[in-house]
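Report on the structure given below.
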Amino acid sequence: MPDPDRLPPTRAVLLDLRRELDQAVQGHAILERKRETLLRELWDLFGEVKHTEREVRERFARAYKVQREARLVMGIDAMRFAGLATAAKTEYSAEVRNVMGVSLPLVTMQIEPLPFPYSPAGISAVFDELRTRWIEVGRILGSWTEISGSVWRVAAELEQTQRRVNALENLLIPKYQSAIQRIQVILDEQERESFMRTKRVKEKREP
């Protein structure tokens, strides 16, 4: 619809404006519910982020600690040689879940350690622990990827939804209300003038 302030003051336009206003109010209510749902989802995700971030830091710290121990026990060359062996089999899948029209990732990651060929030629059992620690890091990073992607998508959709709510609340709905009031005043005035003209004509015709 064109700018409501420039529409002609007719009853047809008034009816159209009232219908548009009703739709805008209903749309505002729907967007408000969406905004509240996204806010709750984002709040829950922030809680998961805090927990997962702490877990990521702890697992990295354990892995680096064991890595330093392995370097002291085995030496750099032996560690590089041991690192050539395949440590684990990794499988992952990515699906989505829907929250108020927002597709959020669901990442499933499976990391299964493979048998490691120990050797008396400098390969220490500490390297097996090191491999286990880094596998733990890989598993938590799957969760971290899922949560981080969800936070980004929900935050982006929430920002867009908030802009739409503000546009309806502060611009479109007040414009419709103002235009409806303007046209209603003009039509009421025209109706009064028409009534007065009819009354004067009637008075002149009376004997």
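Residues in the stretch 49-58 that are open to solvent by 50 Å² or more (accessible area, probe 1.4 Å) and either closer than 26 Å to residue 98 by Cα or not acidic (Asp, Glu) (or both): 50, 51, 53, 54, 57.
Does residue 68 qualify as being of a type in the set (Lys, Arg), open to solvent by 80 Å² or more (accessible area, probe 1.4 Å), modelled with pLDDT of 85 or more and more than 19 Å from residue 49 (Cβ to Cβ)? Considered against the rule, which asks whether it is of a type in the set (Lys, Arg), open to solvent by 80 Å² or more (accessible area, probe 1.4 Å), modelled with pLDDT of 85 or more and more than 19 Å from residue 49 (Cβ to Cβ), residue 68 comes out as yes.
Tell me which residues, restricted to the stretch 49-76, are acidic (Asp, Glu) and in contact (Cβ under 8 Å) with a residue 40 or more places away in the chain.
Selection gives 53, 55, 69.
Scanning the stretch 1-37 for residues that are aliphatic (A, V, I, L, M) and more than 30 Å from residue 104 (Cα to Cα) returns 1, 7, 12, 13, 14, 15, 17, 21. Residues that are in contact (Cβ under 8 Å) with a residue 40 or more places away in the chain and open to solvent by less than 60 Å² (accessible area, probe 1.4 Å) within the stretch 143-161 comprise 143, 146, 147, 148, 149, 150, 151, 154, 155, 157, 158, 161, listed in sequence order. Residues in the stretch 8-48 that are open to solvent by less than 90 Å² (accessible area, probe 1.4 Å), in a helix (DSSP H, G or I), in contact (Cβ under 8 Å) with a residue 60 or more places away in the chain and of a type outside the set (Gly, Ala, Ser): 18 in all.
Selection within the stretch 71-107: residues that are part of a strand (DSSP E or B), open to solvent by 70 Å² or more (accessible area, probe 1.4 Å) and among the β-branched types (Val, Ile, Thr). The member of this set that is farthest from residue 139 (Cα to Cα) is 96. Of all the numbered requirements in (1) hydroxyl-bearing (Ser, Thr, Tyr); (2) over 30 Å from residue 27 (Cβ atoms); (3) outside any strand (DSSP E or B), residue 161 misses one, and that requirement is (2).
Looking at 135, 173, just one residue is within 30 Å of residue 9 (Cα to Cα) and either crowded, with 17+ Cβ neighbours inside 10 Å or in contact with a Ser or Thr (Cβ under 7 Å, 6 or more places away or on another chain) (or both), and that residue is 173.
The values are calculated or read from the model by the stated rules, or taken from the named source; none is laboratory data. Worth saying up front: this structure is predicted, and the values here are computed from it rather than measured. For neighbour counting, all protein chains shown are included, and Cβ atoms are generated from backbone atoms with ideal geometry for every residue, glycine included. Ligands, DNA and RNA are excluded from the accessible area calculation, which covers all protein heavy atoms including side chains. Shrake-Rupley method; radii C 1.70, N 1.55, O 1.52, S 1.80 Å.
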